[in-house]
Amino acid sequence: MKKITCFLFCTCFCFLLITVSYGQSNNEHYLLVGTYTSTSSKGIYVYKFHSKTGDFSIVSTANTDNPSYLCMAPDKKYVYAVNESKGDKAGVTAFIFDRSNGYLHPLNREPSGGDDPCYVNIDKSGKWVTVGNYSGGSLSILPVMADGSLGKPTTINHSGSSVNKERQEKAHVHSTVFSPDYKYLFVPDLGMDKVMTYTFNPGSGKLSPAPTPFTQVEAGMGPRHFEFHPNGKFAYLMEELGGSVAAYSYKDGKLTFIERISTLPKDYTGPKSGADIHVSKDGKFLYGSNRGESNTIVIYSIDQKTGKLTYVGNQSTMGKIPRNFNFDPSGDFVLVANQETDDIVIFRRDAATGKLTPTGKKISVPKPVCIKWIP
């Protein structure tokens, strides 16, 4: 009888340990931070983040030049980082990501096809990487080899300008975003005031002008980042120079304008400089970051039938020049990268109201720009 009791106790105890351990691993995620390396930054920083507490710890760093934007392969085995520089230093670097210890191991580096690459993305097959070159006014697509390394780029150059003579004197590609079905690639060009649209061949990687080759944006708005709603019926464009978000309905490669709404507090009179934009996973709220002198995250609720936005509020980022921000995998936290105050501020998100509350926790890291997750 004692042996049976002991066996049951040990079995239950081991089951409890396994359950507790499994629960902890489900709540812990890798957080990758891309930075500018003009000061003391080493490159990419890897942290562990706990989605129950908002606690974090540094895991590793990877040395690379100006990794201002990152993307992950669908299988999470590889990470691709732009090297936002000019000339021979402008490139895209491939890394192997070791999930067992959180370390990044460099594979290779290829030219980006233009100066100052500022955005990188990957298709759902993990076979094609796209990059936007801001100063180069171009986009490139690079094949992914069997070992995760990158092949040579094929580059498309944009040509055009708009009304802001200082910022829109030429083409400035700012992001490369696949449609939900991966049949199209949308490319906001700040300098041309257009969102260019390309058909995407997943077999060959060829990009061709779509039947509707571009969406014209109001002059001087400066399209920057672009995000689809989870339902695939709506899309939202951050307009950097206009300090606004444009809402569109979407179907079969075509965007139809719905409305434009300011990202700034009503009493704000300073310079406009919108940056990043994201929709919550439940599709109920849209968030956008404002730089300039605003330093806020704007929050809107989304009408699920029409895609229209209703202003909820502006939350201070508790720092200066917020760039990329992102929801943690649980959706309960929002992390904001403040470039000029060298920190990532952690907010708790209310899923019912969409509002953000500072947790009092922040990650100190030099010149943070991009935040990505590996669950």
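Just the number, please: Stokes-Einstein D of the chain in µm²/s, Kirkwood Rh from C-alpha pairs, 20 °C, 1.002 mPa s.
Calculated translational D: 101 µm²/s.
May I ask you to list the aspartates and glutamates whose Cα is less than 20 Å away from that of K320, ignoring any residue fewer than eight positions away on the same chain?
Cross-link targets: E239, E240, D267, D276, E293, E340, D342, D343.
Just order 256-268, 140-152, 320-332 by mean Cβ neighbour count inside 10 Å, highest at the front, would you?
320-332, 140-152, 256-268
With springs only between Cα atoms under 10 Å apart, run a GNM on the chain and tell me which of E227, E84, E166 wobbles the most.
Comparing E227, E84, E166 in the GNM, the peak value goes to E166.
Going down the table (K165/K367; K42/K183; K52/K152; K183/K367; K170/K362), which pairs top 31 Å between alpha carbons?
K42/K183; K52/K152; K183/K367; K170/K362
For the range 101-237, report the translational diffusion coefficient in µm²/s to the nearest whole number, using Stokes-Einstein at 20 °C, 1.002 mPa s, and a Kirkwood Rh over Cα pairs.
139
Using bins 5 angstrom wide from zero, how does P(r) for the range 75-117 break down, in % of all Cα pairs?
6, 26, 24, 17, 14, 9, 3, 0
Measure out, as a whole number of angstrom, how far apart the alpha-carbon centroids of the range 80-142 and the range 338-375 sit.
24
Would you list which aspartates and glutamates come within 17 Å of K206, measuring only between C-alpha atoms, while excluding same-chain residues fewer than 8 positions from it?
D123, D181
Where does the range 232-375 land on Rg/Rh, using Cα atoms and the Kirkwood Rh?
0.96
Angle, helix 2-27 long axis vs. longest principal axis of the chain, Cα atoms, 0 to 90°, nearest 10?
Helix 2-27 and the main axis of the chain meet at about 10 degrees.
Let's see if you can work this out: charge +1 on each Lys and Arg Cβ, -1 on each Asp and Glu Cβ, no other charges. What is the dipole magnitude of the range 227-306 about its Cα centre, in debye to the nearest 20?
For this selection, approximately 240 debye.
Using all Cα-Cα distances in the range 63-144, what percent lands in each 5 angstrom bin from 0 up to the longest?
Cα pair-distance distribution for the range 63-144, in percent: 3, 18, 29, 24, 16, 7, 2, 0.
Report the rotationally averaged projected area of the range 169-321 based on its alpha-carbon convex hull, in square nanometres.
Over every viewing direction, the Cα hull of the range 169-321 projects on average to 9.3 nm².
Over 10 Å intervals from 0, what percent of Cα-Cα pairs in the range 157-211 sits in each interval?
Values per bin, smallest distances first: 26, 45, 23, 6, 0.
At a temperature of 37 °C and a viscosity of 0.692 mPa s, determine how fast the range 282-365 diffuses translationally according to Stokes-Einstein, using the Kirkwood radius over alpha-carbon pairs as Rh; express D in µm²/s, rounded to the nearest whole number.
253
For the pair S100 and E259, how long in nm is the line joining their label points, each one 7 Å along Cα→Cβ?
Roughly 5.3 nm, to one decimal.
Kirkwood hydrodynamic radius (Cα pairs, Å) of the range 20-163?
Computed over the range 20-163, the radius equals 15.9 Å.
Below 17 Å, Cα to Cα, which aspartates and glutamates can K305 reach? Residues fewer than 8 away in the same chain don't count.
E259, D282
The numbers here are math on the coordinates, done by the rules we state, and not lab data. Given the structure is predicted, the values throughout are model-derived calculations rather than measurements. Note that we place each Cβ from the backbone using ideal geometry, even for glycine, and neighbour counts take in every protein chain shown.
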